[in-house]
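Just so it is clear, none of the values below were taken in a lab; they were calculated from the coordinates. None of the values given here were measured: they were computed from a predicted structure. Please note: Cβ atoms are built from the backbone with ideal geometry, for glycine as well, and neighbour counts cover all protein chains shown.
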Amino acid sequence: MNDVLGAGNTLGSYLLVLLVYGSLFVVMRYGNPTVAPAFRKTFIILYFVYAISIFIANYVLYRLGVMSFLPWLNNFMHTFIWIGLCLNFVYAGSYNRPIWEQFVFFFIFSFVVKLAEHQILGTWEQPNFFGISGNLAYMLGWSLVDGLTPVANVLGLRLAAPYIKDLVVPEPKLR
């Protein structure tokens, strides 16, 4: 059961994590209350691409030794709910903002979630980030990587647009 929930975790622990996600989602909605109809198809495609690929990538990166193990329920919630729904929602409301702002949004939200999951579930416990010592460096490092998600979105959407009708392909701006 430790592989599913993590050592010492209960379903109540996961409900608390969902409360954190939900609280952050309320904050996200303050800037943009809904996904614009023109962006919904793009939102759905990004949801499945990120939820599935990052779920797999988290495990592969663990096996390669560059990430700590995320118990299966944590990995599922983190990728399908947090990244797929919540961070994708941030992108749906910010893709037309300057790229540096998008980076900051993704970095801050990702860092808060990693801190919360670390405190509540005991995950994100790796002692370094690619040779930079410290657990805080590990969580900051992966949050900085998450900050690059809007750049990855633009590149991926540009590659997919010729094959998928009605995708929104953002034109990133610096300011």
Within the range 108-138, residues touching a strand residue (DSSP E or B) at 6+ places or on another chain (Cβ under 8 Å) and at positive phi come out as Gly134
Of the residues in the range 121-169, those that are farther than 27 Å from Ser13 by Cβ, in a loop (DSSP other than H, G, I, E, B), over 17 Å from the mean Cα position of the chain (by Cα) and not charged (D, E, K, R) come to Phe130, Gly131, Ala161, Pro162, Tyr163, Ile164, Leu167, Val168, Val169
Of the residues in the range 109-130, those that are touching a helix residue (DSSP H, G or I) at 6+ places or on another chain (Cβ under 8 Å) and free of Cβ contacts under 8 Å to residues at least 40 places away in the same chain come to Ser110, Phe111, Lys114, Leu115, His118, Pro127, Asn128, Phe129
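What helices (runs of 4 or more DSSP H), lying completely within the range 1-103, carry at least 1 residues that are free of Cβ contacts under 8 Å to residues at least 40 places away in the same chain?
Once the helices (runs of 4 or more DSSP H) in the range 1-103 are filtered for at least 1 residues that are free of Cβ contacts under 8 Å to residues at least 40 places away in the same chain, what remains is 11-31, 40-63, 72-76.
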Checked the range 134-157 for anything touching a Pro at 6+ places or on another chain (Cβ under 9 Å) and either closer than 23 Å to Pro98 by Cβ or of a type in the set (Asp, Glu) (or both); matches are Pro150, Val151, Asn153, Val154, Leu157
Being closer than 15 Å to Val154 by Cα, of a type in the set (Phe, Trp, Tyr), in contact with a helix residue (DSSP H, G or I) (Cβ under 9 Å, 6 or more places away or on another chain) and crowded, with 17+ Cβ neighbours inside 10 Å narrows Phe80, Phe69, Phe43 down to just Phe43
